[in-house]
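Novice: Have a look at this one before I ask anything.
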Ligand SMILES: [Zn+2]
């Protein structure tokens, strides 16, 4: 009995996921979270931006009896989410928001819908929830649960504290229904996390912490030229190479934001400034234009971002290095939220950081020390030549075990590594002799023999090791200190504002030293030494298969968006468009099976897209792939197809492609043959030229042409099996078909 009920629930979860959200699978912990919430448990979810947080409460809200209250801090954010749900469900009354922007008439309409039971989700700001008339109203309604988005606003230790958020528990108690609470946030240190649980009185909550790794983001730090004209030129070149894509440029100062936006416009790039000094109305207009893709670029201070929900931002440029690694992570996190391409380029100059430090003179000593600590994390990230992803994840307390992430500048262009066990021992020695009372900078100064004031005061310029490493650069010694931290020999003590402290592992190493290689840091003071001035980010993840069709579909989306006054990604997400260019759906039924589409949306917007695809398919003689009948296999089959096409685009070795999906060569060739049988053309010459000898290649191609066949067995028979292998012939058949078409 119980089991049958479980099965039924499982089926229901998946069918709603498919019908409303257009997905066949859950991401990360989504399913566990949903099941916990459905069974009445309190839950806390920490998931980075783009991890699929909102689905964790939207899907249960649709499945459960009653109304879910969603508490959210920003009106813009609410409106966006409500629009999105309405589009997916094809029903306006399914979600509403209740806030000060509504008139009397509108809020009556909302309340009527809620009372009639049509509404499943009510978005509300804590300020509105506090109003007695709203509490009284909600008492009359059967509620399913309370979801608290941006829950870090609860904690005074969070970077975004909102006092009203601390009263949510009290307000929920006032409504007087015993319902579960789900709290969600994208950033929370342990301290903030505990604060949230305590304040909401849900210390029993199931905790889900997703990984902070965003594999689709590409990280790169470039030296910032002294001459700003050169910098602007470099940025313009980058934007022009990424035409028609959406991007954000972050600057620290408002004046700079205005200046950069202006210069971009003079150079034919549609850009607008955004900062806290502009009035609210102007900011809303700018934000809308960005969402509607009337402009491509927003130049912004950190004021921009929290309210924005644009999943297809393709690049984030940091004109200045941010003041902390938290800020950097959050700002770069706005790129590629749909899992597609997201290039994150930061420009770094040491003198910028020094300038920032000088601004701190008016702060209290503690504030200043905390700020310097945070800045140091950003500097260290920029200068280091260790994998960027490793540095970021280590900073957030997450272990990252890959040797190379393959998607950051340091992994793609590794720096030379030098053996440094002697130097490591010297660093540890100096840390000990200075009684663990110095920061990294002073330790380095002692080693290179620079007698700064603090060193002289303690008479450490008399130490044996003073000047020990003067024949090596300051840069080298900074890298060695950093390596000692990565190896776990020393740590930067946060409580004492960054003094270096020895860890037990240091003692073991000093007794039994072994070889350790240290990558040389980037020399940002001497940017000419940069190996690669024109670094190019790896292949764009956004380009699925058919760029021409993609552009056509994007135009249609834009015109519908303009007509409906909705953001384009609310009509269809970019990955849905990409999937359409792979699946070529020509009927509404097929359209509803596209990733992220679902039935309601297919009905609402699909026809125009189907018509265009039909026309395109006819004009170009494309045979669309058959829709796969086995339901559960669909997404994986599509996934493998996209994976193979993309891998071949990137010229990856076939053995590696096969290994990536646990296939053998036979299965890979089967899949490729299926792909080209649907009319796709694949250029595999990079691989074939390596594995098939030139004269064989020519012979086999000739044979296919002369025999006017594409049958492998026939050709193999003609050529003779002793000399030619079946694999060779199959490979050349793929080349033949891709070259001469069907
Ligand atoms: Zn890396």
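The values are calculated or read from the model by the stated rules, or taken from the named source; none is laboratory data. What you see is a predicted model, and the numbers here were worked out from it, not measured in a lab. Note: ideal-geometry Cβ built from the backbone for every residue, glycine included; neighbour counts use all protein chains shown.
Novice: In the range 246-272, what residues are surrounded by 18 or more Cβ atoms within 10 Å (Cβ to Cβ) and closer than 17 Å to residue 310 by Cβ?
Specialist: Selection gives 246, 247, 248, 249, 250, 271, 272.
Novice: Additional query: Under the condition of being closer than 10 Å to residue 329 by Cβ and in a helix (DSSP H, G or I), which residue from the range 382-398 is farthest from the ligand (Cβ to nearest atom)?
Specialist: 395
Novice: Okay, moving on. All but one of (1) within 30 Å of residue 642 (Cβ to Cβ); (2) surrounded by 15 or more Cβ atoms within 10 Å (Cβ to Cβ) hold for residue 404; state the number of the condition that does not hold.
Specialist: Among (1) within 30 Å of residue 642 (Cβ to Cβ); (2) surrounded by 15 or more Cβ atoms within 10 Å (Cβ to Cβ), residue 404 violates only (2).
Novice: Scan the range 202-229 residue by residue and report those that are more than 14 Å from the ligand (Cβ to nearest atom) and either surrounded by 15 or more Cβ atoms within 10 Å (Cβ to Cβ) or under 13 Å from residue 49 (Cα atoms) (or both).
Specialist: Result: 202, 205, 206, 208, 209, 210, 211, 212, 222, 223, 224, 225.
Novice: Any chance you could count how many residues in the range 399-425 are within 9 Å of the ligand (Cβ to nearest atom) and either assigned to a helix (DSSP H, G or I) or touching a strand residue (DSSP E or B) at 6+ places or on another chain (Cβ under 6 Å) (or both)?
Specialist: Going through the range 399-425 one residue at a time, the tally reaches 6.
Novice: Just a yes or no: is a residue in the range 450-470 surrounded by 15 or more Cβ atoms within 10 Å (Cβ to Cβ) and in contact with a strand residue (DSSP E or B) (Cβ under 8 Å, 6 or more places away or on another chain)?
Specialist: No, the conditions are met nowhere in the range 450-470.
Novice: Let me confirm something: among 69, 20, 34, 46, which residue is over 25 Å from the mean Cα position of the chain (by Cα) and in the same structural domain as residue 135 (by TED's automatic domain parsing)?
Specialist: That would be 69, the only listed residue that is over 25 Å from the mean Cα position of the chain (by Cα) and in the same structural domain as residue 135 (by TED's automatic domain parsing).
Novice: Test each condition in (1) more than 26 Å from residue 232 (Cβ to Cβ); (2) at pLDDT below 85; (3) over 16 Å from the mean Cα position of the chain (by Cα) for residue 288 and report the one that comes out false.
Specialist: (2)
Novice: Still on this model: Can you tell me which residue among 593, 565 is at pLDDT below 90, at positive phi and outside the structural domain of residue 290 (by TED's automatic domain parsing)?
Specialist: One residue alone meets the criteria, 565.
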